[in-house]
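Participant: Quick one: the structure is below, questions incoming.
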Amino acid sequence: MIELSWFSHLKGPLGVYIHIPFCLAKCKYCDFCSFPIPPGSVPDAYVDRLIEDIEDFGLKTGRPEADTIFFGGGTPTLLSVRQWGKIMEQLSRSFRILPGTEISTECNPATADRALFSELKSLGFNRVSIGMQSANDDELSLLGRVHRNEQTVRTVRDAYSAGFREINLDMMFGIPGQTKDSFEHSIRTACSLPVTHISSYALQLEPGTPLEAHRNEYVFPDDDQVADMYDALCSCLSELGYERYEISNFSIPGHECRHNLKYWTGAPYMGFGISSHSFLDRTRFFQPSDLDAYLTSAAGYQTEEELTPERFCDELLVLGLRLTRGVSLSDISRRSGVDALARYGTQIDTMRKQGTVDLSEDRLTIQPQYMFISNSILDDLLPDR
Ligand code: SF4
């Protein structure tokens, strides 16, 4: 169990993540920590426990600075306005929230309207991330999503008319029955809306999910078809003015997600709520996923890993190479205390000759055409991975 007073010297600025583990229904592919509940019934006990944790952290660490706040889930937009207000009030008591802080929430299109977005605006939110997944209703239905495309379109317009100018849509590819054409239709529908950011991930079959249990009943696109969909995603978004800045994330330049950039650059962040993860002082820790234990205060932060300098150096490399701008080897050497060129130089030389990576001055990048298979590139780069 980790004691938060270890971090009493923290100054920040930190990223803050709040996990709201409730949804209207469980999607068929989902293995996230989320529990189905009826609308309007997020337990006050959960919100109260969150507030206790945030207060405790602020007291033990001397109210550090924060410059990104992200509500994820689950479906945070199931919170009532009163519950949002209580959490935001505690956050501003426990953190020095810097001017210009990015304050985001995830949103399921079936759970938000113009009135809610106006309330969120007045609470300081300036970014919303909407789970569109597809513009095709048959694909949404197969995935077990509770919304349909018409609701996504209305939700984006509601967010925009309430004043949100930073809007992300989450999209999915590799869905059974999906084709390159139907995926391209989804992307073009998404980009016809006033959105500045698109995240798109390939569907993963997670053990224990209904989709995985019934996998034989579906026809999944094969690996080549999935790779073709990813290529279509990149070329279509590029044509529409969105730049790929991370393997699965695209934005109008200047509209990247600052909170997620913290994860990819090894910056410190603190998570609150069950199953949330944190990374402070080279230590990864998490709250377990047991809702009853969390509500009865029996849960606490468990240490996942205290990174050695070598491990921290590897993490900075692995995470940073997800970004199209790659990593500065001198920067990761300075931050980790490990000579990155000495650690990876031989493999980098080999891989440069193979054409999979580029080292320009001090900056290492994966060549654009290999981004989608970056895992195998990283396996070659880190022999002990
Ligand atoms: S809305 Fe998101 S978190 Fe909730 S069940 Fe669906 S995929 Fe999981």
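All of the numbers you see were taken from the coordinates with simple rules; none came from a lab. Every value quoted in this text rests on a predicted model; they were computed, and no experiment measured them. Methodologically, a virtual Cβ is constructed for each residue, glycine included, from the backbone with ideal geometry; neighbour enumeration extends over all protein chains shown.
Participant: For the peptides 242-253, 4-15, what is the packing order when you average, over each peptide's residues, the other Cβ atoms within 10 Å and list the highest mean first?
Facilitator: 242-253, 4-15
Participant: Starting from the Cα coordinates of segment 263-367, work out the convex hull volume and express it per residue in Å³.
Facilitator: 102 Å³
Participant: May I ask you to derive the FRET efficiency for Glu306 and Ser80 from their Cβ-Cβ distance with R0 = 41 Å, giving the value to the nearest 0.05?
Facilitator: Step by step, r from the Cβ atoms, then E = 0.60.
Participant: Moving on. Calculate how large, on average over all directions, the projected area of the Cα convex hull of segment 139-290 is; give the answer in nm² to one decimal.
Facilitator: It is 11.0 nm².
Participant: When the chain is fully extended, how far beyond the present Cα-Cα distance does Ala298 get from Gln367, taking 0.36 nm per residue of separation?
Facilitator: That works out to 20.1 nm of additional length.
Participant: Distances over 17 Å make up what percent of all Cα-Cα pairs in segment 182-251?
Facilitator: Every Cα pair in segment 182-251 considered, those over 17 Å come to 49 percent.
Participant: To check you understand DSSP bridge types, tell me what percent of the beta bridges within segment 106-183 (both residues inside) are antiparallel, rounded to 5.
Facilitator: In segment 106-183, DSSP labels about 0 percent of beta bridges as antiparallel.
Participant: Moving on to the next point. Debye calculation, C-alpha points only, no solvent: report log10 I(q)/I(0) for segment 143-222 at q = 0.23, 0.27 Å⁻¹, in the same order as the q values.
Facilitator: -1.14, -1.36
Participant: Could you work out the pair-distance distribution P(r) of segment 42-145 from its alpha-carbon pairs, with 5 angstrom bin width and percents rounded to whole numbers?
Facilitator: 2, 11, 20, 21, 19, 12, 7, 4, 2, 1, 0
Participant: What is the list of residues in segment 354-372 whose amide nitrogen lies under 20 Å from a point 7 angstrom out from the Cα of Glu239, following Cα to Cβ?
Facilitator: 369
Participant: Follow-up question, since we're still on this one. Give me the three principal axis extents of segment 78-126 from the C-alpha atoms, as integers in angstrom, largest value leading.
Facilitator: Sorted largest first, the three principal extents are 33, 20, 16 Å.
Participant: Sorted from largest down, give the three principal axis spans of the alpha carbons of segment 118-171, whole angstrom values.
Facilitator: Principal axes ranked by extent give 36, 15, 15 Å for the Cα atoms.
Participant: What does the charge count near Pro210 come to, summing +1 for each Lys or Arg and -1 for each Asp or Glu among other residues with Cβ under 15 Å from its Cβ?
Facilitator: Value of the local net charge: 0.
Participant: Quick one: length gained pulling Asp358 to Glu119 fully straight, 0.36 nm per residue minus the C-alpha distance?
Facilitator: Going from the current span to full extension adds 81.4 nm.
Participant: For segment 5-86, report the % of Cα-Cα distances exceeding 16 Å.
Facilitator: 58 percent
Participant: Please give the per residue volume of the convex hull enclosing the alpha carbon atoms of the chain, rounded to a whole number of Å³.
Facilitator: 144 Å³
Participant: Ratio of alpha-carbon Rg to the 2.2 N^0.38 Å globular estimate for segment 310-385, to two decimals, please.
Facilitator: Here the Cα radius of gyration is 0.97 times the empirical estimate.
Participant: Place the peptides 204-213, 229-238 in order of packing, highest mean first, counting for every residue the other Cβ atoms within 10 Å and averaging per peptide.
Facilitator: By packing density, highest mean first, the sequence is 229-238, 204-213.
Participant: Where the centre of each part is set by its Cα atoms, how far does segment 1-68 sit from segment 137-158, in angstrom?
Facilitator: 27 Å
Participant: If you restrict to DSSP beta bridges whose two residues both lie in the chain, what percentage is antiparallel, to the nearest 5?
Facilitator: Taking every DSSP beta bridge with both residues in the chain, the antiparallel ones total about 40 percent.
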